[in-house]
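J.: The structure under discussion is supplied below as structure tokens; questions concerning it will follow.
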Amino acid sequence: MNDLTNKYTLIDGKVVSASVLVDVKREIEELKLNSIIPSLAVVLVGDDPASQVYVRNKKRTCDEVGIRSIEYKLESTVKETELLELIGKLNNDNDLNGILVQFPLPNHINKQLVINEIDPAKDVDGLHPINAGKLLNQINGLVPCTPQGCMIMLESIGINLSGKNALVIGRSNLVGKPMAQLLLNANCTVTHAHSKTNNIEQLTLNSDIIIAAVGIPNYIKGNMIKRGSVVIDVGMNRISYTKDGIIKNRLVGDVEFDSAKQVVSAITPVPGGVGLMTVACLMNNTILATKLQHNINQ
Ligand code: NAP
């Protein structure tokens, strides 16, 4: 086959996230019939520009689907104890169903302490050790949004995951580890790579599914991918380039899209891919948390 004519499916984050949000809206309408309005607290510490954009997108999507969102903005100099106190208050507020603390946090704040403080029933990021343990034990709980979104993208192309060789590159608690667990729970044969992995190309060339969550622009090239593989690009890397003498920025993934599309059977774009799913799954988790708190059956 001529590489230039390789037919592949673009797994469009706009389309797949829209279908998630349709379900979310329907569930919200049902909750409202019982006078329940799902509510999400979003805590932003400091003035990191990327975090401000993420929080704005999350709030906008809350407005679109009918989730009440309340933003708590704290100075970057806020004391760790003050942040923990705020989380304690949000935990005890019965009108709030979800708590999201936007990361990264300033260096003087211990991220894990903050995660541990969030009531697991309101932990819409799915990062609390209790929710991580539930995922490990295949017990219904709140699953981190980005890997949840990646699984929905895989489902959207109707792939039978059972027995597939899946490679997850990256082992953060936020993306890589829960991603590998979800694929394992779906009966994939999972290989987990990270910065100490030797000869990554040998692994990528042997994989039916590659999930790239590394944070290095264009790290995976087309010649590292087995023909017919499915590639989910989680990476969101802002790079600078010069056009007409002007320095500009653009977002690229961990996968070099133009060379990868010559060999894959399906791939997600960046932007317009996993990022949109993360926000949609946050809405999903807020509804799930609301239902769990009201003992409404899933
Ligand atoms: P992270 O915490 O920095 O983790 C990066 C992982 O990549 C680490 O496990 C690291 O290994 C591994 N790694 C680094 N260099 C490597 C190399 N040369 N070869 C193989 N593995 C390597 O990042 P993250 O939070 O998981 O995020 C990963 C990427 O996804 C970033 O670009 C981030 O912006 C993006 N992201 C996107 C979304 C979305 O909604 N689309 C959401 C979250 C994150 P070690 O553990 O050995 O250090």
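J.: Tell me which residues, restricted to region 269-280, are open to solvent by less than 10 Å² (accessible area, probe 1.4 Å) and more than 9 Å from the ligand (Cβ to nearest atom). Give the steps one after another, and end with the answer.
T.: Of the residues in region 269-280, the ones open to solvent by less than 10 Å² (accessible area, probe 1.4 Å) are 273-274, 277, 280.
Ala280, the sole residue that qualifies.
J.: Something else about it: I need every pair where a residue in region 146-175 that is within 8 Å of the ligand (Cβ to nearest atom) and among the β-branched types (Val, Ile, Thr) has its Cβ under 8 Å from the Cβ of a residue that is open to solvent by less than 10 Å² (accessible area, probe 1.4 Å) and part of a strand (DSSP E or B), sequence separation at least 6 or different chains.
T.: Within 8 Å, the pairs are Ile169/Ala193; Ile169/Ile210; Ile169/Ile211; Ile169/Ala212; Ile169/Ile220.
J.: Can you pull out every residue in region 48-78 that is in contact (Cβ under 8 Å) with a residue 60 or more places away in the chain and over 23 Å from Asn110 (Cα atoms)?
T.: Hits for region 48-78 are Asn57, Lys58, Thr61, Cys62, Val65, Ile67.
J.: OK, next. Can you list the strands (runs of 3 or more DSSP E) found entirely within region 1-116 that contain at least 3 residues being over 24 Å from Asn295 (Cα atoms)?
T.: Output list reads 39-45, 68-74.
J.: Considering only region 247-278, state which residues are in contact with a Leu (Cβ under 9 Å, 6 or more places away or on another chain) and not in a loop (DSSP other than H, G, I, E, B).
T.: Selection gives Ala266, Ile267, Gly275.
J.: Let me ask something else about it. Could we say that Gln102 is closer than 24 Å to Ala50 by Cβ and touching a strand residue (DSSP E or B) at 6+ places or on another chain (Cβ under 7 Å) here?
T.: Working: closer than 24 Å to Ala50 by Cβ: yes; touching a strand residue (DSSP E or B) at 6+ places or on another chain (Cβ under 7 Å): yes.
The answer is yes for Gln102.
J.: Can you tell me which residues in region 31-47 are of a type in the set (D, E, K, R) and open to solvent by less than 60 Å² (accessible area, probe 1.4 Å)?
T.: Filtering region 31-47 down to residues of a type in the set (D, E, K, R) leaves 32, 47.
Across region 31-47, there are no qualifying residues.
J.: Let me ask another. Tell me, which residue of region 92-110 that is crowded, with 16+ Cβ neighbours inside 10 Å and under 15 Å from Ser39 (Cβ atoms) is nearest to the chain's Cα centre (by Cα)?
T.: Leu100
J.: Further, regarding this structure: Got a sec? Which of Asn223, Asn284 is closer than 24 Å to Gly176 by Cβ, out of contact with any Lys or Arg (no Cβ under 9 Å at 6 or more places or on another chain) and more than 16 Å from the ligand (Cβ to nearest atom)?
T.: Numbers: Asn284 fails: more than 16 Å from the ligand (Cβ to nearest atom).
Only one candidate passes the filter, namely Asn223.
J.: What pairs come out if I take residues in region 249-266 that are within 16 Å of the ligand (Cβ to nearest atom) and pair them with residues that are of a type in the set (Gly, Ala, Ser) and open to solvent by 10 Å² or more (accessible area, probe 1.4 Å) whose C-beta lies under 6 Å away, six or more apart or interchain?
T.: From region 249-266, the pairs are Asn249/Ser240.
J.: Next question. Can you tell me which of Ile267, Ile247 is over 30 Å from Ile209 (Cα atoms) and not basic (Lys, Arg)?
T.: Ile247
J.: Given the options Asp233, Asp208, Asp244, Asp258, name the one that is within 22 Å of Ser17 (Cα to Cα) and of a type in the set (Asp, Glu).
T.: Only one candidate qualifies: Asp233.
J.: Just for strands (runs of 3 or more DSSP E) wholly inside region 173-246: which have at least 2 residues that are hydroxyl-bearing (Ser, Thr, Tyr) and open to solvent by 50 Å² or more (accessible area, probe 1.4 Å)?
T.: Numbers: elements: 189-193, 209-212, 230-233, 237-243.
The qualifying strands (runs of 3 or more DSSP E) are 189-193, 237-243.
J.: Under 19 Å from the mean Cα position of the chain (by Cα) and part of a helix (DSSP H, G or I): is that true of Ala132 in this structure? Even if it seems obvious, please write down each step before you answer.
T.: Numbers: under 19 Å from the mean Cα position of the chain (by Cα): yes; part of a helix (DSSP H, G or I): yes.
It is true that Ala132 is under 19 Å from the mean Cα position of the chain (by Cα) and part of a helix (DSSP H, G or I).
J.: Which condition number in (1) at negative phi; (2) crowded, with 16+ Cβ neighbours inside 10 Å is the one that Gly170 fails?
T.: (1) is the only condition that Gly170 fails.
J.: Which one is farthest from Gly88 (Cα to Cα), of the residues in region 111-145 that are within 14 Å of the ligand (Cβ to nearest atom) and open to solvent by 20 Å² or more (accessible area, probe 1.4 Å)?
T.: Val143
J.: Restricting attention to region 176-220, report how many residues are touching a Lys or Arg at 6+ places or on another chain (Cβ under 6 Å), closer than 29 Å to Pro104 by Cβ and either more than 10 Å from the ligand (Cβ to nearest atom) or of a type in the set (Ser, Thr, Tyr) (or both).
T.: Counting residues in region 176-220 that are touching a Lys or Arg at 6+ places or on another chain (Cβ under 6 Å), closer than 29 Å to Pro104 by Cβ and either more than 10 Å from the ligand (Cβ to nearest atom) or of a type in the set (Ser, Thr, Tyr) (or both) gives 1.
The values are calculated or read from the model by the stated rules, or taken from the named source; none is laboratory data. These numbers come from a predicted model, not from an experiment. For neighbour counting, all protein chains shown are included, and Cβ atoms are generated from backbone atoms with ideal geometry for every residue, glycine included. Quick note on the areas: whole protein, heavy atoms, side chains included, nothing else; ligands and nucleic acids left out. Shrake-Rupley method; radii C 1.70, N 1.55, O 1.52, S 1.80 Å.
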